[in-house]
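Here's the structure, in structure tokens; my notes come after.
The values are calculated or read from the model by the stated rules, or taken from the named source; none is laboratory data. Worth saying up front: this structure is predicted, and the values here are computed from it rather than measured. For neighbour counting, all protein chains shown are included, and Cβ atoms are generated from backbone atoms with ideal geometry for every residue, glycine included. Heavy atoms of the whole protein, side chains included, go into the accessibility calculation; ligands, DNA and RNA do not. Shrake-Rupley method; radii C 1.70, N 1.55, O 1.52, S 1.80 Å.
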Amino acid sequence: MQTLILAAGQGTRMRPLTEQRPKPMLPVAGQPLVAHTATAAINAGASRLVFVVGYEADAVRSYFGTEFNGVPVEYAVQDTQQGTADAVRAGVAKLADEPFAVLNGDNLYDSESLAGLFECGPSVGSYRVEQPSAYGVLDITDGRVTKVVEKPDTPPSDVINTGAYVFPAPAQDWLDVEQSERGEHELTDVLNRACQETTVTAVPLHRWLDVGRPWELLEANEWKLDECQRQLNGEIHDDAKLRGNVIVESGATVDAGVVIEGPAILQAGTTVGPNAYVRGATLLGPDTTVGHSVEVKNSVLMRGATVGHLSYVGDSILGRDVNFGAGTTVANLRHDEMPVTCEVKGEQVSTGRRKFGVVCGDGVKTGINTSLNAGVSLATGATTAPNETVLRSVTDD
Ligand code: TTP
């Protein structure tokens, strides 16, 4: 199945983490998010991948090159991000006149379900949710999709569109759809046309995750870290205790007195300890440092991030080269135990999580004894003074 992977979006809801890189290249269990999408597609039978790239396109190109896991890779460029139908229109120029699959490059899918989708003819991956009104909802009669309705007040079902499709070959000529109310050319309008022209089947996916907002990056890491198998290749002190599925890559160092409870990955160049505690689903990216008396729980530290001494980091994402001064402490729980909120495009949004810490853009530096409140987001390059307490997000403005 020739497969288009949409990876051109600007990822504005994921800022500040997407200021220097496209969202599909954010790290998930030691690989870019979209590498998991591509792997699932290949395992499901993708014979050829075409990435539609745009925003920060070179990052995608240089990671995948011309072949990925034995499957040829090509690229199509979407110059301005005018919506998913527009992205597919850019991509079909690279396709043969045959049926084609489309996947969102910022979504995680399980391979088995995608295999079912690829075998099903015209189809859309579906997923049951408790509150469908926030999604594109599928109207289904006898297993056949009759239409998809965007964010309806009265949803026709509790089954939603996952952004995974198989279109018939003629759909390559159906992409010239009108702009929607939000000013984009939407692939769901093409799906609606397909529902009129042919039989479109809803294929339930076992597992699916849309990674649009920062806490969903933690969820993606929780999912994929959970699938990792223990593998100890780095330099590990005899006095360190590594429990469960922990991966220590060659070139990573674990010093005396360290306790690591998996799942966790320590990528090459990482040093942990002495006397540090790493737990939960944690990704310590390449060249990161977790020093003496530091606890890191259920977090993602991107390349070069440093938490040197006497600090707590929980349920958080630290961008590239972030540096936490000694004694920096992250809050990840509200006193009222309500879900933590986080700023997304200027608005406070519920993360739905009882535990959520902070989001730090690349190059953030905290002064010693900084306290960061739960849900705070710090803009790229933001700094704090010693003893500062940060209660609200710091944006570029
Ligand atoms: P979205 O998540 O809707 O858009 P986005 O990735 O730009 O993020 P945000 O809304 O936070 O700004 O996109 C769904 C998928 O489609 C995703 O994989 C990116 C891709 N896409 C394109 O390739 N081109 C586009 O013009 C748009 C809007 C999305």
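When you restrict to C-alpha pairs under 8 Å that are six or more residues apart and normalise by the size of the chain, the relative contact order lands at 11 percent. Highest mean packing comes first when the peptides 335-345, 297-307, 15-25 are listed by Cβ atoms within 10 Å, giving 297-307, 15-25, 335-345. For segment 2-211, the solvent-accessible area with a 1.4 angstrom probe is 42 square angstrom per residue. Using the 1.4 Å probe convention, the accessible area of segment 314-397 works out to 47 Å² per residue with neighbouring protein chains retained.
Packing here is the average count of other Cβ atoms within 10 Å per residue, and on that basis the peptides 375-383, 133-141, highest first, run 375-383, 133-141. Here's the list of aspartates and glutamates a cross-link from Lys94 could span, going by alpha-carbon distance under 13 Å and ignoring same-chain residues fewer than 8 apart: Glu74. Within the straight-line cut-off of under 26 Å between alpha carbons, the lysines reachable from Lys151 are Lys23, Lys345, sequence neighbours fewer than 8 places apart in one chain being disregarded. Here the relative contact order of segment 2-211, from alpha carbon pairs under 8 Å that lie six or more residues apart, stands at 24 percent. Taking all Cα pairs closer than 8 Å and separated by 6 or more residues, the relative contact order of segment 136-278 comes to 14 percent. Segment 327-397 and segment 266-282 have Cα centres separated by 22 Å. For the chain, with all protein chains in place and a probe radius of 1.4 Å, 44% of the accessible heavy-atom surface sits on carbon or sulfur.
By the rule of a C-alpha distance below 25 Å, with chain neighbours fewer than 8 residues away ignored, the lysines paired with Lys241 are Lys224, Lys297. Helical runs assigned H by DSSP (4 residues or longer) give the chain a calculated mean residue ellipticity at 222 nm of -4500 deg cm²/dmol, each run adding -39500 (n - 2.57) before division by the residue total.
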